[in-house]
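Some notes on the structure that comes next.
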Amino acid sequence: MDRDDHARQRPDTPFYDHASGGWGSVRGMAEVLADQKPTPGAIRTLMRQNKPGGHMCTSCAWTKPAEPHLFEFCENGAKATIWDLTSDRATPEFFAAHTVTELRGLSDHDLEKAGRLTHPLRYDHATDRYLETSWDEAFAAIGAELRALDPKSTVFYTSGRASLETSYLFQLFARLYGHNNLPDSSNMCHETTSVGLKKVTGSSVGTCILPDFDQCDLLLFFGQNTGTNSPRFLHKLQEAKERGCRIVTFNPVRERGLVEFTNPQRPGQMTVREPTPISDLYLQVRPGGDIAALAGIIKRVLELEDREGGVLDRGFLAEHTTGFDDLAARVTALGWGELERESGLLRRDMQTVADLYAKSERVIGIYGMGLTQHVRGWLSIAMLVNLLLLRGNIGRDGTGISPVRGHSNVQGQRTVGITEKPELAPLDKLKEMFGFEPPRDKGMTTVEAAQGVLDGTVRGFVSLGGNFARAIPDNDRVEEAWPRLALNVQIATKLNRSHLRPGRSSWLLPCLVRSEEHREATGPQAVSMEDSLSMIHGSLGKRRPASEHLLSEPAIVAGIAKATLPPNPQVRWDDWVADYAVIRDLIEATWPDKFRDFNDRLFTPGGFHKGNAARERRWRTESGRAEFTTPEALTSLGHSPEGEEMTLVTLRSNDQFNTTVYGYSDRLRGLEGRRDILLINPEEMGRRGWAEGQAVTVECALDDGTPRAVHGLRLVPYDLPDACVVAYYPEANPLVPLDQHDELSHTPAYKGIPVRLRVAVG
Ligand SMILES: Nc1nc2c(c(=O)[nH]1)N[C@H]1C(S)=C(S)[C@@H](COP(=O)(O)OP(=O)(O)OC[C@H]3O[C@@H](n4cnc5c(=O)[nH]c(N)nc54)[C@H](O)[C@@H]3O)O[C@H]1N2
Ligand SMILES: Nc1nc2c(c(=O)[nH]1)N[C@H]1C(S)=C(S)[C@@H](COP(=O)(O)OP(=O)(O)OC[C@H]3O[C@@H](n4cnc5c(=O)[nH]c(N)nc54)[C@H](O)[C@@H]3O)O[C@H]1N2
Ligand SMILES: [Mo]
């Protein structure tokens with residue numbers, strides 16, 4: 001295979017002319033340091049990041065190894081921590097100086113740049129301002145509002161940062177109060193995994209652990225941007241490459257981190273500047289083309305089996321799987337023409353991957369939002385599982401399926417009962433432990449919660465972190481409807497747009513960040529989280545809090561719960577908040593298998609594994625076996641682009657964490673200075689007679705009676721497949737219809753929206 005063919009970027013489009021990592025990442029950190037002016041000691045705090053006894057990074061969910069590097073943080077992890085430890089403060093004086101209407105005029109970056117929230121705040125309609133309040137007043141008023149509302153008309157949202165301890169209390173509060181409306185950011189993210197992977201393997205999370213990455217000989221990467229979104233993973237990839245592992249990437253965008261990497265932690269490599277090539281083959285699949293690409297690879301593997309034999313793991317197929325014959329018949333009948341058309345790849349490339357796959361003994365499939373955020377995201381995941389199953393690449397050392405999760409504890413929140421699906425929560429156990437009748441009816445997903453805000457059936461919203469109103473599809477429509485809420489409670493660290501459309505009764509409650517000391521009645525407390533590889537870690541914050549008026553998240557959840565619920569001798573909010581070890585005992589009592597000796601094992605270096613049945617080839621599926629899936633469709637898009645229609649992919653830059661915009665440098669894509677841009681292939685641009693820098697209007701091409709447009713995006717020629725354009729999230733979210741989502745899990749189809757472009761007038 002000719003690496004040059006695939007690893008070289010089109011020279012006539014912008015790109016970052018260096019490897020990821022390297023000096024550029026050091027500069028990236030320096031820029032945020034200059035912007036945020038962190039409080040003294042912040043660098044010392046960074047040195048404790050992701051180390052046993054220290055705090056766990058609030059950025060991505062990539063695992064924290066048992067033997068950490070001296071600097072076990074990356075450019076983006078450092079940015080996240082420095083962002084938390086800024087010396088800027090959004091004080092009551094700041095809010096006195098600005099009406100909420102004025103604040104709505106600020107960008108996402110400038111809102112958070114106002115600094116850490118310092119006091120509990122209440123929205124005052126008369127002055128259109130947030131005013132200082134006391135915790136007692138806030139809890140009492142919120143409790144009274146919640147008691148007056150029908151519990152089923154309220155939503156308790158979580159963003160995937162809150163600890164296992166906080167999350168446990170939050171889900172218990174929701175159920176004691178009377179609903180399962182517990183959507184979380186996962187509903188916009190890896191819910192496709194929770195539902196799709198569970199359907200076919202019986203396990204809702206990935207099967208790999210860290211040592212698997214030391215043994216595999218082939219890694220297949222689908223739609224996960226490691227260099228930006230989980231940069232510490234690049235160290236493992238570099239090691240894997242150095243011992244001869246092959247890496248093949250499927251991604252419409254040439255992401256620098258998967259092309260080559262200079263390790264900023266290896267001084268030698270920094271000075272001689274010889275990057276490690278990462279992908280042996282970089283395949284620019286069409287958005288939504290993964291199903292067809294995988295079908296092509298599987299087709300070729302089956303051809304090899306017919307020709308040479310010994311390719312399939314027949315013993316594994318017979319003992320552990322079901323549905324192989326149907327899959328084989330369907331895939332064999334597919335023509336290369338349609339596979340090339342749907343995937344955007346050449347037959348030759350799919351065959352090369354299949355040949356590599358057939359020769360590899362240990363293969364891992366890795367994926368991110370490029371698979372999950374599509375109408376048939378679940379089927380893309382099922383197709384990747386199909387491929388892995390053919391040669392028994394699940395449930396053996398050095399093999400497996402590895403979704404890379406987003407927020408640092410998003411996987412853990414689901415583990416401790418944050419779910420809108422009652423069948424996934426141990427309701428009988430909760431009933432027995434706390435002496436109440438938990439609600440059994442299905443709760444709302446994120447999409448349903450947003451629809452409920454739009455149609456007025458959702459009356460109260462309690463948000464444990466996050467920026468719901470900004471992160472969801474159709475965000476401008478939902479934002480307009482937001483003031484109709486009777487109650488809006490936002491537990492947050494910094495100001496964002498979800499705080500700026502106050503409902504009748506609106507509260508902004510500031511909390512500690514993870515690196516700060518959580519001092520409660522019995523002394524400083526540790527919290528815990530679960531990473532992408534199902535490892536559970538303790539985290540101890542040591543920094544002095546940004547303000548003496550802050551409370552911890554457990555204290556805030558307990559404060560609201562106590563003010564809302566009737567007394568119950570089995571529910572001892574004060575005792576639990578006084579000593580988080582007691583909450584961990586409750587977690588252990590609820591899930592004894594996963595959390596055995598939780599408190600004793602809290603600071604296990606590298607974390608402790610919660611276990612995974614599919615990893616042990618126990619399949620908790622409907623059939624009791626790993627399930628092959630026959631693809632009924634070859635695209636994960638909900639539409640087939642016709643004529644002038646294109647597919648819009650929305651992406652994160654290297655200078656943001658979700659809706660938190662650190663700055664305007666998307667360094668690893670060679671894009672600097674602005675976010676109001678639309679990436680487009682130069683041929684597409686030329687064909688339409690358009691020029692670089694021209695302003696365009698992007699319209700959603702789905703005709704459901706609701707016009708959706710974003711105006712004034714500047715065209716940037718970029719190395720992309722045909723009929724595909726790329727814009728930043730969350731700016732592009734008004735183009736994403738709420739009802740365009742994964743068929744099974746309802747994860748929004750943020751990566752596959754049909755759009756039309758027209759030249760902006762004026
Ligand atoms: N620094 C930083 N780190 C983060 C985050 C952040 O915003 N900033 N966010 C966190 C969160 S919550 C999450 S969920 C993760 C997200 O991390 P990722 O899963 O990497 O998510 P994205 O950056 O949205 O998109 C992933 C990739 O999918 C590709 N892609 C788009 N469509 C397709 C397709 O149809 N097929 C294929 N094969 N690829 C496609 C895109 O080009 C992009 O490279 O990162 C987490 N870590
Ligand atoms: N178009 C498009 N939309 C998307 C995506 C996409 O790829 N494209 N990705 C989706 C994905 S994967 C996700 S996960 C969602 C993200 O959705 P969310 O998780 O809801 O959003 P974030 O931007 O992570 O939330 C940022 C806010 O969290 C608060 N915060 C930060 N730290 C803490 C803390 O420690 N405690 C508390 N209480 N609050 C804190 C701050 O106030 C900050 O403003 O967005 C989704 N939306
Ligand atoms: Mo996410």
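Brief remarks follow.
- Candidates K594, K562, K542 - the one that is open to solvent by 30 Å² or more (accessible area, probe 1.4 Å) and modelled with pLDDT under 95: K542
- Residues that are of a type in the set (S, T, N, Q) and either farther than 10 Å from G460 by Cβ or touching a His at 6+ places or on another chain (Cβ under 8 Å) (or both) within the stretch 135-155 comprise just one, T154.
Residue-wise test of (1) open to solvent by 50 Å² or more (accessible area, probe 1.4 Å); (2) of a type in the set (A, V, I, L, M, F, W, C); (3) within 14 Å of ligand 1 (Cβ to nearest atom); (4) assigned by TED's automatic domain parsing to the domain that holds A382.
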{"residue": "P631", "(1), (2), (3), (4)": "no, no, no, no"}
{"residue": "Q656", "(1), (2), (3), (4)": "no, no, yes, no"}
{"residue": "D666", "(1), (2), (3), (4)": "no, no, yes, no"}
{"residue": "R674", "(1), (2), (3), (4)": "yes, no, no, no"}
{"residue": "V698", "(1), (2), (3), (4)": "no, yes, no, no"}
{"residue": "A709", "(1), (2), (3), (4)": "no, yes, no, no"}
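- Selection count where residues are surrounded by 24 or more Cβ atoms within 10 Å (Cβ to Cβ) and either of a type in the set (K, R) or without any contact (Cβ under 8 Å) to a residue 40 or more places away in the chain (or both), scope the stretch 389-413: 2
- Candidates are the residues of the stretch 147-172 that are more than 15 Å from ligand 2 (Cβ to nearest atom) and open to solvent by less than 10 Å² (accessible area, probe 1.4 Å); the one that is nearest to L487 (Cα to Cα) is T154.
- Test result for V649, within 16 Å of ligand 2 (Cβ to nearest atom) and part of a strand (DSSP E or B): yes
- Selection from the stretch 585-600 of residues that are out of contact with any Asp or Glu (no Cβ under 8 Å at 6 or more places or on another chain) and either part of a loop (DSSP other than H, G, I, E, B) or touching a residue at least 12 places away in the same chain (Cβ under 8 Å) (or both): D585, L586, A589, T590, W591, P592, D593, K594
- If you go through the stretch 446-478 and keep only what is open to solvent by 10 Å² or more (accessible area, probe 1.4 Å), touching a helix residue (DSSP H, G or I) at 6+ places or on another chain (Cβ under 7 Å) and away from ligand 2 (no atom under 13 Å from the Cβ), you end up with L454, G456, T457, R459, R477.
- Those residues of the stretch 73-105 which are aliphatic (A, V, I, L, M) and under 28 Å from the mean Cα position of the chain (by Cα), in sequence order: A78, A80, I82, L85, A90, L103
- Residue check, T660 in contact with a strand residue (DSSP E or B) (Cβ under 8 Å, 6 or more places away or on another chain) and within 14 Å of ligand 1 (Cβ to nearest atom): yes
Conditions (1) within 18 Å of F250 (Cβ to Cβ); (2) within 16 Å of ligand 3 (Cβ to nearest atom), marked per residue:
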| residue | (1), (2) |
| --- | --- |
| D325 | no, no |
| R330 | no, no |
| R341 | yes, no |
| G344 | yes, no |
| R347 | yes, no |
| Y357 | yes, no |
| M369 | yes, yes |
| Q373 | yes, yes |
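- Counting only strands (runs of 3 or more DSSP E) that sit wholly inside the stretch 698-762, those with at least 2 residues that are touching a Gly at 6+ places or on another chain (Cβ under 8 Å) are 709-717.
- Any hit, the stretch 430-440, residues being within 16 Å of ligand 1 (Cβ to nearest atom) and either in the same structural domain as F170 (by TED's automatic domain parsing) or surrounded by fewer than 24 Cβ atoms within 10 Å (Cβ to Cβ) (or both): no
- Elements of type strands (runs of 3 or more DSSP E) contained in the stretch 492-584, each with 1 or more residues being touching a strand residue (DSSP E or B) at 6+ places or on another chain (Cβ under 8 Å) and farther than 28 Å from R104 by Cβ: 518-520, 523-525, 527-530, 535-539
- Out of G289, G244, sole residue that is surrounded by fewer than 20 Cβ atoms within 10 Å (Cβ to Cβ) and either out of contact with any strand residue (DSSP E or B) (no Cβ under 7 Å at 6 or more places or on another chain) or more than 17 Å from H18 (Cα to Cα) (or both): G244
Yes or no, residue by residue, for (1) more than 16 Å from ligand 2 (Cβ to nearest atom); (2) under 23 Å from the mean Cα position of the chain (by Cα); (3) open to solvent by less than 10 Å² (accessible area, probe 1.4 Å); (4) closer than 21 Å to T660 by Cα:
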| residue | (1), (2), (3), (4) |
| --- | --- |
| C724 | no, yes, yes, no |
| A727 | no, yes, yes, yes |
| E731 | no, yes, no, yes |
| P737 | no, yes, yes, no |
| E743 | yes, yes, no, no |
| P754 | no, yes, yes, no |
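- Selection within the stretch 165-195 - within 12 Å of ligand 3 (Cβ to nearest atom) and closer than 22 Å to I560 by Cα: D184, S185
- Count - residues of the stretch 603-628 that are in a loop (DSSP other than H, G, I, E, B) and buried (at least 21 other Cβ atoms within 10 Å of the Cβ): 4
- Checking each residue in the stretch 392-408 for being in a loop (DSSP other than H, G, I, E, B) and within 10 Å of ligand 2 (Cβ to nearest atom) picks out R405, G406, S408.
The values are calculated or read from the model by the stated rules, or taken from the named source; none is laboratory data. The shown structure was predicted, so the numbers you read here are calculated from the model rather than taken from an experiment. All Cβ positions, glycine included, derive from the backbone under ideal geometry; neighbour counts span all protein chains shown. The accessibility values were calculated without ligands, DNA or RNA, using every heavy atom of the protein model including side chains. Shrake-Rupley method; radii C 1.70, N 1.55, O 1.52, S 1.80 Å.
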